Structure formats: structure tokens, C-alpha cells
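The values are calculated or read from the model by the stated rules, or taken from the named source; none is laboratory data. None of the values given here were measured: they were computed from a predicted structure. For neighbour counting, all protein chains shown are included, and Cβ atoms are generated from backbone atoms with ideal geometry for every residue, glycine included. The accessibility values were calculated without ligands, DNA or RNA, using every heavy atom of the protein model including side chains. Shrake-Rupley method; radii C 1.70, N 1.55, O 1.52, S 1.80 Å.
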Amino acid sequence: MDYMIGESSGGRRPLLLKVNPAAGQVIIVHIRTFTMIGYVVDTALNVQFQQAVSIKGLKQEAVLELLLTVIDNCRHAATLSPLAVGVIVRGPVRTQEGISVFAPNIGWKNVPLKYIIEEKKRLPAFIENDSNALAYGEYYFGAARDADNMVLLKVGYGIGGGIMFNGSLYKGINGSAGEIGHTVIDMAGPICSCGNTGCMEAMASETALVDLVLNAIRSGQPSLITSTVAGDLGAVTAEDIYNAADTGDFLAIDMLSRVACYLGIGIANLVNIFNPKLVVISGGLAKASRYIEKTVWDTVARRSFESCSSVLEIRYSTRATENTMKGAADMVFSELAREGKFCL
């Protein structure tokens, strides 16, 4: 049975009526690190159409052209005239203006996506950061459904964050809140993609994990990972490391533990600042929760105030792609309803 989420006067919104899936459809396009996924989603958050295409190696303009093509494909596949388009991108977003301030995986800087889509496709467009959309999805439909407040960490090739308090997504003054991956946890740490040194992203992301494993192998430490990639160390992925850990590979497990320690330090800082009820760790690293959860928790407990960590729960979610889509679609439907452009 499907339900609509009602308006809130403070705190989590109440579940209301059963939704008619035929009440409307929106297009959601999720621009990930190497892929772009287009969806047609109905009001019950069912996916009616889906298309995934690779963006690996594409130039900035080519990604933009592909985005417009995917929107067209979704529009043609929709069984109802789409009400709007929601685009999910990495990096900071000026949501009101619909501008992708900086998408690190593509190289976009200050791209007015809302204007471009509305001008070319004549559909209302909403642009959101991927971690914010995921935080919204986890809060209402995923791992945080029973928590009034939570901090989300999306740990993949990079690290993003989302902050939900009393049913609202905290975005900061100009929409840039949640750049948790670029909080510094070791000034003497490695250089981050942002140009700073010792950021959480540079030390606790899947990219950092791969770098740690490769450095260890090149220094002479044995690992099954070498044979997995037939000696081509440039082909090693985080997934290879998780698989090696499952076979008992000491190096893989050891490096996962090291990343977990860095992640725990970053979370301890967040716990001391926000005192949340729940921290959700999502993204690729959540697949390895069995190897990191004890170290993460022990580090958080040791490095945060007891008054903060004593009420804390840490959960892991492996449904990041699904919940990002659901969060974005719900945000679009909610905004359309708020603007009076849609009602059930």
C-alpha cells in the first residue's frame, strides 16, 4: 500500500492518504560519478521507466547534451505528460536558482541547469545535490524512518553529507551545507580533490581506500587483490577490496579498518557539533559494514563527548541509488504542490 506524506507543523511529516499512482509523473535524472540514470517516477514513487548511460570520459558539454537527450527519452517513455524534471548532481548547488556550482566528477562550474532545461524543454526544473536527495530519501523512506533527526554520510568515490532536523533538510545560508567530506581530520594528511590537505574525503572515501591498498601492495605487502586484477593494479576498485575481505584477505581487512578509523574521527566531530540521534552511513562503503562498524563505533565513542555519543545510533544503508531517486522525486512533487502546480 502506498501513502502520501503530509505537511508538517514541526517534526516528521505524517503519512496521509493512499496515493493514486496515476495522479502524475516526474522525470528524475541522477548524474553519478560515471553514469547518468534517467527515471520516470509516479506519485507512489514507482519507477515506470529507467535508462542508464555512461558518462565516463565525456567532456562537460557532452554531458549536458546527454542530459537533455535522457530527459527527452524519459519524456517519450512516460505514460502521462511529465509535470517536471528533477536533476541530481554531485557537489554544491544553489537550489533556488537551479545552478550546479561545482560538479567535481564532470567539471561543471556555475552551470544554470534550471534555466537551460526550462528554456529547452519547457518543463519546470529542480536541481539538487545528491547527498541532500539521499538524506531526504533515507529520512522518509529508508534507514532513518523512525528518527526525528539524523546526519547522513554518503561514502563512495567521494564523501558527501546531508543533515535532517525535525523534518527539514538543513542547507545553510546559500545551500552549501553538508560538505562533510571536506572537513579536515588531519592537517598532515594527503591532498584532497578540493586542494586542501587531510580532508575526510581524502582519507576515508573509497578512493582513499583504493590508494591505501595500492600503496601497501607496491611496498611489498601480499594480497589476493593482485591476482584478482592479473597484476594490473590500475584496475583495482573498491569492490575488489570488499570481495578480497570476504575471502579473508588480511591487507583488505586491515586497510578497511584504517579507513574506518578516519571515518570515525570525522563522525565524532559531527556528533559533538550536532548531537544527532542517528548517523546513517550510505554509499559504496556501506557494503563493507561488517569490517568497519566496530572500529567506526569505537572511534566515535572514544573521540566524542559521552553525553553526545550515549544517545547516538549508527546505521548502514546499501540502498543509496534507490533512496536518492525516491528522495529527489518526493522533493519535486512536494515543491510542485507547494507552488500550487500539482495536487492529488
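Step by step: first the residues of segment 274-288, then only those that are not β-branched (Val, Ile, Thr) and not in a loop (DSSP other than H, G, I, E, B), then the one that is nearest to the chain's Cα centre (by Cα). Which residue is that?
Ser282
Would a scan of segment 245-258 turn up a residue that is open to solvent by 10 Å² or more (accessible area, probe 1.4 Å), touching a residue at least 40 places away in the same chain (Cβ under 8 Å) and in a helix (DSSP H, G or I)?
yes
Mind checking which pairs have a first residue in segment 156-181 that is closer than 19 Å to Thr321 by Cβ and a second that is of a type in the set (Lys, Arg) and not in a loop (DSSP other than H, G, I, E, B), Cβ under 8 Å, 6 or more apart or different chains?
Matching pairs, first to second residue: Gly160/Lys154; Gly161/Lys154; Gly162/Lys154.
Restricting the search to segment 32-54, which residues are crowded, with 18+ Cβ neighbours inside 10 Å and free of Cβ contacts under 8 Å to residues at least 60 places away in the same chain?
Listed by number, the residues that qualify are Met36, Gly38, Val40, Asp42.
Only residues that are in contact (Cβ under 8 Å) with a residue 40 or more places away in the chain and surrounded by fewer than 21 Cβ atoms within 10 Å (Cβ to Cβ): list them for segment 278-308, please.
Gly284, Lys287
For segment 183-228, give me the residue count where each residue is in contact with a helix residue (DSSP H, G or I) (Cβ under 9 Å, 6 or more places away or on another chain), open to solvent by 20 Å² or more (accessible area, probe 1.4 Å), part of a loop (DSSP other than H, G, I, E, B) and not charged (D, E, K, R).
The qualifying residues number 10.
Only one residue in Arg90, Arg94 is open to solvent by 50 Å² or more (accessible area, probe 1.4 Å), more than 27 Å from Ala22 (Cα to Cα) and touching a residue at least 40 places away in the same chain (Cβ under 8 Å), so which one is that?
Every option except Arg94 fails the conditions.
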